[in-house]
Structures are given as structure tokens and as C-alpha cells.
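Bear in mind these aren't lab numbers, they're just calculated from the coordinates by the rules spelled out. For clarity, every value in this text was computed on a predicted model and none was experimentally measured. Neighbour counts run over all protein chains shown; Cβ positions are idealised from the backbone, glycine included.
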Amino acid sequence: MVSKLYDGSNWKNLNGLKLWNGSAWKNSVRGWMWDGTAWKQWYPEYPVNTTAPSVSGTATQGNTLSCTTGSWNSNLAYTPSSYSYQWRRGSSDISGATSSTYATVVADVGSDVSCRVTATNNRGPTPVVSSNSITVTSALPGAPSGLTVTSSTTTPGTFTVSGSSTSATPTITMGSNSGVTSTAGTINWSSSNQSSYSSSGTFSGTGSTATSISKSGLSASTNYTGTVTITGPGATTASGSWTAATNTSSYSVSTSAATLSSNTTNRTWSLSSGTTGGSYTITVTATNTSGSALISWNAGSNATSYDIYINGTYWTNTASTSATYNWGQTGNLSVNVRSRNSTGAETTGVSGNGAVSSATRQAQSSGTFASAQTASANYSLTTSAPPAVAPSTPTNGGGTYQDPSFSNNFNFITNATFTSSSSGTTPITYSWSVRSSDFANGPWALRNSGSINSSNLSSTISIPQQGWDSDSFGAAAQYTVSATNDGGTSGSLVWTLVSSFGGGGGEI
């Protein structure tokens, strides 16, 4: 709404109204107008642009563009009181770009960048887009730097090794050890799966296939104890397997002092030619020879992506500043990384070399196996007294036959003696008998008998004096003596005495 004044020939816009405030003329910036219905507040006109804003600056991405405000109607009713800016990429506002300058970025490459200027007065804002726009071109990217190539081969995962073997436990049975004397003794046994033995106690010793042990110089009626231990041969074969490990391309299997075979495809192992009674450990190692490399570098200026060349051949393009190359083998790797911008321009890159190695997990081991089995049995035996030995035959100790009184016909045997047995064991019972005969009357007749006990092997034994009637001359007496103990009875000593004819007495 515009107020008009008639100058006498034409109506003209009332562009500015001045009021005297008592000391100076001031612009009248608003007033009240009757619209036929109500009084409404009246403002001057919106700002009016006379020359559009313009954008200037270098089009290459990364440079700063500037925007002018353009020209605006300066009459009091139109003059702007402030300006604001909004940079635009194509038909869209650029977030945060609200100053009179703007530094182009990679996202602007290939787009038209313009600026919208908004002039504002008391009436309100008037936006005007710049009369021109600048198409942003890509700057050549700078080469990356600090290229490193390091081995990043994945370490194999965990796994377990197991194995088993069998070793028969020997059995042992103690034999009969009766009849052992104080002179010597022997213990006996029988066993299965015996490769060696050892014993402790009175009958001690070691060996391989023996099944008895002897000892001399024992004491009578004494108890002897000990233990016999049989050792079996132990296992000389074993077998086992291991679980699969992740990130593994090969396995190796090892042991010591035995013949080992393995199947790494099926993850099994077996052992032969082990030492009897030996003990072994199986070691399995997992290795990953499918090598990979970590490639990293510092960003190049104005680069939007990077081309990676492996051993002279293009591999891939990435917007990151690192990449993992799964080579699948180990060795020396040659790498070249080149910067590329949004328009596709590529620079000479940076090169580097790195060694790709395999990754080995710490070896996994099974438990030990093939230990020999043992069995033990206790022995106990008691010696007995020596067997009784029968005494030897007594010997003649001498004697006298007397005829003290011819008239009454009494005959006496006196001083009849013999020496006891010189061998055998005591106690001994000596048995004796005496018979007589005269030359006229014939056979021997028993006159007396008896026994004498002795515990002395070397003493001289005397038989009591004997007497009887004799009716004829030339009588004779006959002694029979034997010795008996637990071992038996000796031979008999037969001892004859003949009297002197005519009653004088005699001896032999």
C-alpha cells in the first residue's frame, strides 16, 4: 500500500514522510491507515532489488567463493536494514553456509554453486538469488604417504589332542613254600605278562623271567615276609586324534623315540615301535600359511578414494585409508596406492613392500601314555626245625663176666658198658637186653631187659650188674643194645661175654 500526493498536475508516491520532533526531522517509518473497515498499521514497501547479487572466485574445489549483496532501492520506503546469505548447491541449500564467503568442498565438485541474498527492512524480507553460479571443478588429489604393509595372517584357533593306549596288567600267584628249613628256603610264584620282577624283604632280588628266589642261612622256626612285584611289558602302540582348528591350512605331528604316522586330513595319529614300558607325548602344531597383509597409509589431499595395486596389478578401490589383502600365500608383497578424486583423476601413488608370514598356534600336546603296568603279591613263610636224624649204632664199651662162688652156682655179669651214639639228635632212649647160655644146655635164654634215657650223645652208659644161677660150667652172657630218637632206631650192638671154665670168671 502506497500513499500518494497530488502535486497539482499528477499523483505521486509518497516515498518518505518526515516528521518534526521539535529539534530535527525524522523519517516516518510506519503509520496507521483506514481501510474502510478498520485502522491498520502501515509500513513502507519491501526491499526492492535493482541489481542481483553475484558470486566470484576460483572454481577449483577447495577455494573460497564470495557473494555481493547486489543493489537495492534506497528510498526510505525500500531501503534494507540488514542482509543474510544462503549458499546453494544446485537447487538445495548447503547446511551451515550462511556467510558472504564459502570454501568449496569435495561434495561441490561438478555442481553449480550460487548464493541467495535476503534483504530485510521494517516491512519484511526480500530474497534474491545471485545472477550467476560457479561450477566447482575437482582439484588434483595429492599422493598418499606413509604406506605400511604388515603381516596380519590369522592365528589358528584352539584345538585339543587326545590319545589312548593299552597295557595289560600282569597277574601274580604265590606258590607253595612249605618244607623250608633253617638250612635254606625258596619262594615260588607264577605270573602272566611278566617282563621283569623285583622283590623286597628277606628274599630280595631283581630279574626278568625268573619265578623263584632262594636263600640260605635261615633260622629255625622264624617267619620271613616280603613282596614280589611283577612288571608288565607296557604298551608299545597307541593312537589318537585332534579336533579341527579354525584358520588352519596345515598340521604337523611329532613325538620322540618311536615310529609315528599321521593323517592330517582326517586329523589322526598312531604310534608303533615304542619302547616297552616307555612314556610318550604327542605334539600337534596348527599353522596358517594362507597369509594376509594389512595395508595402511596417510590420506592424500583432495582424494576421494584410493586405487591399490598388488605386485603391479590393480586390486581394488577404497575410500578408506587401510585395507586387508588376503593373499593366500606367504612371502614378500609389493604394494602401490594412488589417490583418486571425484572426477576420476588419479595421481602417482606411494609404493611399499612387506613380508607376509604364516601364523602358528602354540603346539597342543596329548597326555603321556604307554606306561608299564605292575602287580604285587606278599609272601610269608616260617622255617621248621631240622628233620630228626636216627642215632648211630652204640659201640662196645667193655665188661667182665665173673663167677664169684662156684659152690652155689651164681654167675654175675659186671661192668657191662657201651658208648652212646655219636650222631643224631637227642633225647635218646637206649634199650638193652641180656641173655645167657651154658654150653651144655643150649639156646640163649632172656635173663633181663630195660631202657635208659639220655640227652648226652657222648656219655658212656652202664647197664646194671646181672646175676643168675648156672648149672654147668662154661656159661656165657650176650647183651643187645640199640638207641632210638625221633629220627628212628639205630642198628643193634650184640656183645657176648664168656666165663672162664671151672668158675674162674672171664671177659671179652
Worksheet item: If you rank Phe418, Phe159 by fewest surrounding Cβ atoms within 10 Å, what's the result?
Response: Phe159, Phe418
Worksheet item: If each residue's Cβ is checked for other Cβ atoms within 10 Å, how do Glu346, Glu45 rank with the fewest at the top?
Response: Glu346, Glu45
Practice prompt. Report the relative contact order of region 294-360, percent, no decimals, based on alpha-carbon pairs under 8 angstrom and at least 6 residues apart.
Written response: 33
Practice prompt. Starting from the Cα coordinates of region 272-393, work out the convex hull volume and express it per residue in Å³.
Written response: 200
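Sort Val494, Val434 so the one with the fewest other Cβ atoms within 10 Å of its own Cβ comes first.
Fewest-to-most Cβ neighbours within 10 Å comes out as Val494, Val434.
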Worksheet, complete the sentence: Amide H proximity to Tyr379 below 5 Å, modelled H, separation 5+ or other chain, gives Gly226, Thr227, Val228
Fill in: Whole-number percent relative contact order across region 49-135, with pairs defined as alpha carbons under 8 Å at least 6 apart
35
